[in-house]
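K.L.:
Structure incoming, see below.
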Number of protein chains: 2
Amino acid sequence: MKKGGRLTLPTDLDIVPETLALIEELDADAIRDCDGTLMPKELTDVKQKIYATYYTTRKDNDWAEANPEEVQQEYLITDRHTAVTDSLEIVLMAGFHTQQLKVNDIDDPKEWWEVIDRTTGKVVPTTDWSYNAEKGSVTLKTIPFHEYTVSFLAFLIWDPVHMYNFITNDWKDAPHQMTFDVRQPKTQEYVKAKLHKFCQDNPHIDVIRFTTFFHQFTLTFDDQKREKFVEWFGYSASVSPYILRQFEKWAGYKFRPEFIVDQGYHNSIFRIPSKEFRDFIEFQQIEVCKLAKELVDIVHSYGKEAMMFLGDHWIGTEPFGKYFENIGLDAVVGSVGNGVTMRMISDIKGVKYTEGRFLPYFFPDVFCEGGNPIHEAKENWLQARRAMLRSPLDRIGYGGYLKLALKWPNFIDTIKQVISEFREIHEKTNETKSYSAPFKVAILNCWGNIRRWMSNQVHHAIWYREIYSYVGVIECLSGMPIDVEFISFEDIKKGIDPEIKVIINAGAYNNSWSGYENWIDEEIVTTIRKWVYEGGGFIGVGDPTSYQHQGRFFQLSDVLGVDKEVGFTLSTDKYNECNPNHFLLEDIEGELDFGEGTPGVYALGKNYQVLAMDQKYVQLAVNSYGKGRSVYFAGLPYSPQNCRLLLRAIYFAATKEHEMKKYYVSNVNTEIAAFESVKRIAVINNTQAEATTDLYIDNIKKETLILKPMEMRWIDLD
Amino acid sequence: MKKGGRLTLPTDLDIVPETLALIEELDADAIRDCDGTLMPKELTDVKQKIYATYYTTRKDNDWAEANPEEVQQEYLITDRHTAVTDSLEIVLMAGFHTQQLKVNDIDDPKEWWEVIDRTTGKVVPTTDWSYNAEKGSVTLKTIPFHEYTVSFLAFLIWDPVHMYNFITNDWKDAPHQMTFDVRQPKTQEYVKAKLHKFCQDNPHIDVIRFTTFFHQFTLTFDDQKREKFVEWFGYSASVSPYILRQFEKWAGYKFRPEFIVDQGYHNSIFRIPSKEFRDFIEFQQIEVCKLAKELVDIVHSYGKEAMMFLGDHWIGTEPFGKYFENIGLDAVVGSVGNGVTMRMISDIKGVKYTEGRFLPYFFPDVFCEGGNPIHEAKENWLQARRAMLRSPLDRIGYGGYLKLALKWPNFIDTIKQVISEFREIHEKTNETKSYSAPFKVAILNCWGNIRRWMSNQVHHAIWYREIYSYVGVIECLSGMPIDVEFISFEDIKKGIDPEIKVIINAGAYNNSWSGYENWIDEEIVTTIRKWVYEGGGFIGVGDPTSYQHQGRFFQLSDVLGVDKEVGFTLSTDKYNECNPNHFLLEDIEGELDFGEGTPGVYALGKNYQVLAMDQKYVQLAVNSYGKGRSVYFAGLPYSPQNCRLLLRAIYFAATKEHEMKKYYVSNVNTEIAAFESVKRIAVINNTQAEATTDLYIDNIKKETLILKPMEMRWIDLD
């Protein structure tokens, strides 16, 4: 195996010599163009692989304009309007940007739109409203002081990502790229022919980097060109009467706009997914993957590789769904924001290799006054590296304007170090897997494996006050010596995989991550109770098992040993006392950090121990339940210390404390990955400060290591 | 009118000369005995009125022991037990104190008890369980891993307040007083005869101070003699098969234990009251008030006065209910913990006078090392005084062991000042009412007027983290120049009183104070929307109008201009900006205090102004809606500054800003009460620091006052 390689660099027309020099310096083995940049002719002969960013759905306004009925569509919902008399006029596009979206009145509004009384939830009969195309408004009969919305179809006349890049880079002249719907028959034939031609015309291109296939994640702008709504997992812009008629046939029931607009929540993945929305995702996967395969086959027929970018028009591909492997892709590339987003790529099956586009992206929003791209690169690497030791990417790369990166002092030196450590992981481990605990841990939510490494996420590693205390769970796990499954409530009903010894339920009340109404499903609660009683481990974070029912808020309060005060038992005395003397806290020295925490949790029953409290309420507690155990966390934001706390909680819950120190380092800021087949371990320092740590192997303290800031030290086992 | 008087002092056997001296020094006009103290013979001839604390339901163990079937009963519910096989044995008294409560197995358990599967909510058939009296346990057939409870009747063999006083005072020899049920026929006759005899035998007694009538509020101890559960408003200890059979006849449906134990929540007043529980309260009021009247009539027949203590066995009297006035009491006396609890007494109608028992109570839990009775007396007075200026008590008093108070240095001087100011209010105002805003404000919740000055309270002025941010609303109002109504959702349906210009909905999600499912009642929401649209004012605090329905959490988000992020719109951008330049904040200088606050609130629509934010979320906002307005607070704990903020919010919401300074003082730590009929104003300093404040009358600044700490200054108007 060669020492270099595994690295993709971006380039552009005005930066040819610099690109060549950097290829040499960093030993890159692939180059690429990006949105807004072009591959220079001078580089077509390099020995490196050349990627061509390929847009199936845009960058062809001639086609889009000639076929307006096959422009991609999106379901929109207007703001709510309160009627004050017995009629109301609602202007559909108010609050949307008319440069991005245009009402679809080609297809019959009475068939495809829905006017809803949001006070009652009832659909307003189509005979009670009319559309005025000139004014772009719907006028309806109303009940005074009820609220109304109109759900309608609109054409995506400006591709959302192109619009985003255009605004972010302050482009001036570029024409607004329209998005066409490759699923529709004319466009489908056209796109296939065009792909054939592109492959023929570009023999120097080695890899077609699809960016991406057919349907953009939902990204809608407001009338001031600001982001209005974004759902990275969203299917709202994957619709058209053509597709919906097929869906009706497949599903066997009538489609309703409400399945998509979902009361205005647009099926945020935090919603408990409805049967209809699940059906729609299933249907879209089948169709998208089938058609994507046809494009990939074309690419292969020219001896080129097909790579998919995990983003932009990725909707319907669902890399952790049932149909993805059928596409036959050679590779997937995606943006790495932290450990979780790295695993979201590196865990994908059914491709020959995976590539991570590291941060920062070379765009002027970071490479600017006040920006700190070096810090971003280092922190990004620290979080990605620990995950890399568990499930490595095959390649890494960067994207954007290379020129910006070259000009920034010491930036290239920083990524040189990242690249070098990345390659070292592959060399030292010889592609073997690191040691994992002798049992599996499962994350339980409404989505299961299709949202592997996506639970509690809003949008790709972006921080939200509402989620960081839960996302920490999977971010910690992404770099831990633990094999993780993501399971759904349906999976529980099918029977819990015997390899699973710990189930984690983490999330806020009333959402898809904690599970809501699933917790009053008799089969679910009795199955999990029995499983814990017989020796399983259950970890709850935030509002686990929460649903107000029959005197309890946490439906598995008996298993957890805690419930949450929601105001009905204020007059019931709680006598919780804190006793932090416990296995979980043995090598934790700093203050505990539960993030936003969960107010009002208290312990109950006879088998609990409270390990941390905020005033009179519980932040951390353990409980025993038959032969099993549980741990409750009020929140678990990502931090090196919380990685350790979770590791201990998992071993404790699994009743396997004595096996935890098979490979172990004492300092919570350090971690260890053992590669038994090559008899080698890596000890990493996850901070930018020096760290002293004791090394344990097979429960025996071997030595004390002093690690430099960010150091990754490889040690051969005897 | 004499200068002194209006004051009741406690006394005891061992403190006769001291009592006489203090009567003289404080010019008291009444003396009383208390629980644990006795009226000395030497004092029977004083010219002061003598109160006799009179217990209808206890202090007569001979009767109770001779009539065990008429001992008062309470519905209890066991802890939840998870079955792990197909049967389960539940020991009923586990976790309760057997000195306080004893299982009632005289009345048929199969008729009066209920075994419930809490996993499904279904009642376990009586054929599937049996009671073993010897073991005190119920054995039942179960479904494995379901949870079960047993609801059962128990005799109150130790009166809860007597038990509390016994434990608090560490009494040793006193026999445990049993509680008997005066509603039952034998006991009823006995108690009446006994009252006749007491009146005959005690000609020196002027006032029979009932402590109280028939049913104790719920106060249950655990197996370690600690308080287990307390509900000051609770009806759980007002039951017996005798009463429940009458109830069934009156209500026309079968009684169920679940109506009382309520999933284990015991009908906390935070619960949305069920129809059955409301019926039960109604029934109990009718019967309790009828019987109380009979006792009061006996008292009157001996030329004595009848006074009721608002506490202990007050259940069913409901001073703000429909039947209370019929009792014909001369007076009510209650404990004053702050402004709200004072108004809870002074606003009672249908009595000749009201008396407040001020804090501290002369018990060793305050008059002890580490206690600060002087501070408690001052703070208690500061909060009560402002309420006194709006709706004064006729008398005040103290209770407990006078000896303790006399021994504490400077304590008597402190209360002397309190008594003097209290009398001054009566003298200066000549019993006239202070000026109020020219409109009414209504507090809207599930309870309405029956819980006047009780909303969001757990237990009589006790601080809870979960409530202080809402209780502040009524505590502020208790001393504000505003006439307040407490209305229910049913009152809204009957039509909003035209004098009401502002409606306040304050409370946490899913409870009786915010209203929960009432907010998806079409009639409620359209009535209030229309009312605000036409010029009404709506103030929301915390989670007003909250119920997750049709795309909104706050159902009146259109009126309020805010909704709450509950996780479904994290991907929808909010662009709220803060602009504190507003009428509401004009004379607020300090940091704003929203108490616990409400996370995740954001503004929406086109008519809002955000006045305060916590990170990106709203803490204070105003909105316009047609001709009406709204104000949203994330919380409003009591403080002098928040009194001002609420006053301004009310005048703003009512669109009456220009009338606010009719009588006004600028410093938020000061308040003004105007008595127009006697042409006099009082300006009070609500803090223990000096305060400089500008005085406005009819919108004109008249002068600048410098008030001493706690000062109340009377100024004659020209």
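K.L.:
In vacuum, with every alpha carbon of segment A:376-533 counted as one equal point scatterer, what does the Debye formula give for log10 I(q)/I(0) at q = 0.11, 0.12, 0.13 Å⁻¹? Two decimals, please.
P.N.:
Summing over Cα pairs of segment A:376-533 leads to -0.57, -0.66, -0.75.
K.L.:
Could you list the residues of segment B:38-77 with an amide nitrogen less than 15 Å from a label point located 7 Å from the Cα of residue B:197 in the Cα-to-C-beta direction?
P.N.:
B:55-67
K.L.:
A further question follows. For chain B, what is the relative contact order in percent, using Cα pairs closer than 8 Å and at least 6 residues apart in sequence? Write down the numbers at each step before the final one.
P.N.:
Numbers: 1560 pairs, mean separation 68.0, N = 718.
Value for chain B: 9 percent.
K.L.:
Here's something else I'd like to know. Lys/Arg Cβ at +1, Asp/Glu Cβ at -1, dipole of segment A:499-552 taken about the Cα centre: which of A:519, A:547, A:504 is farthest positive-ward?
P.N.:
A:504
K.L.:
What ³J(HN,Hα) values, in whole Hz, does the Karplus curve 6.51 cos²θ - 1.76 cosθ + 1.60 give for segment A:335-345 when θ = phi - 60°, with x put for Gly and Pro?
P.N.:
Calculated HN-Hα couplings, in order: 7, 9, x, 5, x, 5, 5, 5, 5, 4, 9 Hz.
K.L.:
Could I ask something else about it? Give me the Kirkwood hydrodynamic radius of segment B:663-716, using the inverse of the mean 1/r over all pairs of distinct Cα atoms, in Å to one decimal.
P.N.:
About 10.9 Å for segment B:663-716.
K.L.:
For segment B:1-141, what log10 I(q)/I(0) values come out of the Debye formula at q = 0.11, 0.19 1/Å, with one point per alpha carbon and no solvent?
P.N.:
-0.64, -1.11
K.L.:
Here is a further query. Whose amide H sits under 5 Å from the amide H of residue A:305, counting only residues 5 or more places off or on another chain, with H placed in the peptide plane?
P.N.:
The answer is A:207, A:208.
K.L.:
Positive end of the dipole of segment A:125-231, charges at C-beta (+1 Lys, Arg; -1 Asp, Glu), about the Cα centre: which of A:149, A:179, A:125 has its Cα farthest in that direction?
P.N.:
A:179
K.L.:
What's the FRET efficiency of residue A:587 with residue A:716 using the Cβ-Cβ distance as r and R₀ = 35 Å, to the nearest 0.05?
P.N.:
Between residue A:587 and residue A:716 the formula returns 0.85.
K.L.:
Restricting attention to chain A, give the cysteines that have no other cysteine Cβ less than 4.7 angstrom from their Cβ.
P.N.:
A:34, A:199, A:289, A:368, A:446, A:578
K.L.:
To continue, here is another question. Given a cut-off of 20 Å, name the pairs among B:574/B:616; A:122/B:494; B:225/B:403; B:254/B:275; A:494/A:530 whose C-alpha atoms lie farther apart than that in the structure shown.
P.N.:
Checking Cα-Cα distances, A:122/B:494; B:225/B:403 exceed 20 Å.
K.L.:
If R₀ is 30 angstrom, what is the calculated FRET efficiency for the pair residue A:173 and residue A:18, using the beta carbon separation as r and rounding to 0.05?
P.N.:
It comes out at approximately 0.75.
K.L.:
For the pair B and A, how large is the buried accessible area, both sides, in square angstrom to the nearest 100, if the probe is 1.4 Å?
P.N.:
Approximately 5600 Å², summed over both chains.
K.L.:
Check the straight Cα-Cα distances from residue A:501 and name the aspartates and glutamates below 12 Å, setting aside those fewer than 8 residues away within the same chain.
P.N.:
A:483, A:485, A:534
K.L.:
Go ahead and run the numbers for FRET between residue B:607 and residue B:690, Cβ-Cβ distance against an R0 of 35 Å, rounding to 0.05. The partial results should precede the final answer.
P.N.:
Working: r = 42 Å, r/R0 = 1.20.
Calculated transfer efficiency: 0.25.
K.L.:
Mind jotting down the distance between the C-alpha centroids of segment A:643-700 and segment B:118-165, whole Å?
P.N.:
Comparing the Cα centres of segment B:118-165 and segment A:643-700, I get a distance of 49 Å.
K.L.:
Next question, about the same structure. Given Cα pairs under 8 Å that are at least 6 residues apart, what percent is the relative contact order of segment B:663-716?
P.N.:
About 37 percent, as a whole number.
K.L.:
In debye, nearest 20, what is the charge dipole magnitude of segment A:28-150 about its Cα centre with +1 on Lys and Arg Cβ and -1 on Asp and Glu Cβ, if you could check?
P.N.:
Approximately 400 debye in magnitude.
K.L.:
Any chance you could check segment B:569-583 for residues losing 30 Å² or more of accessible area when the partner protein chains are in, compared with the chain on its own (1.4 Å probe)?
P.N.:
B:570, B:571, B:572, B:573, B:575
K.L.:
Which residues among segment A:88-109 fall inside the zone where the amide N is under 14 Å from a point 7 Å beyond the Cα of residue A:133, along Cα→Cβ?
P.N.:
What the label zone holds, given the 14 Å backbone N cut-off, is A:103-109.
K.L.:
Next question. With the cut-off at 17 Å, report for segment B:221-282 the share of all Cα pairs above it, as a whole percent. Let's see the in-between values first.
P.N.:
Working: 794 of 1891 pairs.
Beyond 17 Å sits 42 percent of the P(r) for segment B:221-282.
K.L.:
At q = 0.13 Å⁻¹, what is the log10 ratio I(q)/I(0) for segment B:440-655, with the Debye formula run over Cα points and no solvent?
P.N.:
-0.64
K.L.:
Where Lys and Arg each count +1 and Asp and Glu each count -1, what net charge lies around residue B:418 among other residues with Cβ under 9 Å from its Cβ? Walk me through the intermediate numbers first.
P.N.:
On the way: positive: B:378, B:385, B:416; negative: B:421.
Counting the neighbours of residue B:418, the net charge comes to +2.
K.L.:
Mind checking the full-extension length gain between residue B:698 and residue B:65? Use 0.36 nm per residue of separation minus the Cα-Cα distance, one decimal, nm.
P.N.:
Difference between extended and current length: 221.1 nm.
K.L.:
Roughly how many whole Å is it from the C-alpha centroid of segment A:474-542 to that of segment A:217-238?
P.N.:
With segment A:474-542 and segment A:217-238 each reduced to a Cα centre, they are spaced 32 Å.
K.L.:
Which ³J(HN,Hα) values in Hz, rounded to whole numbers, follow from the phi angles of segment A:199-210 under the Karplus curve 6.51 cos²θ - 1.76 cosθ + 1.60, where θ = phi - 60° and Gly and Pro get x?
P.N.:
Couplings: 5, 4, 6, 10, x, 6, 7, 9, 10, 8, 9, 5 Hz.
K.L.:
Now a separate question. Compute, for segment A:663-716, the length of the dipole vector about the Cα centre, with Cβ point charges of +1 (Lys, Arg) and -1 (Asp, Glu) only. Units Debye, rounded to 20.
P.N.:
Roughly 80 debye, rounded to the nearest 20.
K.L.:
Another one. Express the C-alpha Rg of segment A:498-573 as a ratio against the empirical globular expectation 2.2 N^0.38 Å, rounded to two decimals.
P.N.:
Cα-based Rg divided by the globular estimate yields 1.09.
K.L.:
Sorted from largest down, what three extents in whole angstroms do the Cα atoms of segment B:99-160 have along their principal axes?
P.N.:
37, 22, 20
K.L.:
Ok, one more. On the principal axes of its Cα set, how long, how wide and how thick is chain B? Give whole Å, largest value first.
P.N.:
74, 69, 46 Å, listed from the longest principal axis down.
K.L.:
What percent do you get for the relative contact order of segment B:440-655 when only Cα pairs under 8 Å and 6+ apart count?
P.N.:
Over segment B:440-655, the number comes to 24 percent.
K.L.:
As a test question: what accessible area, to the nearest 10 Å², does residue A:204 have when a 1.4 Å probe is rolled over all protein chains in place?
P.N.:
The accessible area comes out at roughly 60 Å².
K.L.:
Straight-line reach from residue B:378: which aspartates and glutamates have a Cα under 18 Å away, not including same-chain ones fewer than 8 places off?
P.N.:
Result set, ordered by chain and number: B:365, B:413, B:421, B:424, B:475, B:671, B:690, B:711.
K.L.:
Between segment A:396-410 and segment B:563-633, what's the alpha-carbon centroid distance in Å?
P.N.:
So the two Cα centres are separated by 42 Å.
K.L.:
Quick one: putting +1 on the C-beta of Lys and Arg, -1 on the C-beta of Asp and Glu, what dipole do you get for segment A:440-655 around its Cα centre, in Debye to the nearest 20?
P.N.:
Using Cβ point charges on Lys, Arg, Asp and Glu, segment A:440-655 gives about 300 debye.
K.L.:
Would you mind getting the accessible area per residue of segment A:520-593, heavy atoms of the protein chains only, 1.4 Å probe, in Å²?
P.N.:
35 Å²
K.L.:
Same structure again: Taking every DSSP beta bridge that has both residues in chain B, what percent is antiparallel when rounded to the nearest 5?
P.N.:
Expressed as a percentage, antiparallel bridges in chain B total about 55.
K.L.:
Still on this model: Using only Cα atoms, what is the ratio of the radius of gyration of segment A:630-693 to 2.2 N^0.38 Å? Each step should come with its number before you reach the end.
P.N.:
Numbers: Rg = 13.1 Å, N = 64, 2.2 N^0.38 = 10.7 Å.
The reported ratio for this selection is 1.23.
K.L.:
I've got another one for you. Could you work out [θ]222 nm for the protein assembly as shown from helices alone, using -39500 (n - 2.57) per DSSP H run of at least four and dividing by all its residues? Round to the nearest 500 deg cm²/dmol.
P.N.:
Only helices count here, giving -8000 deg cm²/dmol.
K.L.:
In Å, the Kirkwood hydrodynamic radius of the protein assembly as shown over pairs of distinct alpha carbons?
P.N.:
Working: mean 1/r = 0.0279 Å⁻¹.
Here the Kirkwood hydrodynamic radius works out to 35.8 Å.
K.L.:
Going Cα to Cα from residue A:290, which aspartates and glutamates come in below 20 Å? Please leave out same-chain ones fewer than 8 positions away.
P.N.:
Output for residue A:290: A:70, A:181, A:189, A:248, A:279, A:282, A:305, A:312, A:318, A:325, A:330.
The values are calculated or read from the model by the stated rules, or taken from the named source; none is laboratory data. All values reported here derive from a predicted model rather than from experimental measurement. Every residue, glycine as well, gets a Cβ built from its backbone with ideal geometry; the counts of neighbours run over all protein chains shown. Each accessible area value is taken on the protein alone, full model and side chains, heavy atoms only, with ligands, DNA and RNA left out. Shrake-Rupley method; radii C 1.70, N 1.55, O 1.52, S 1.80 Å.
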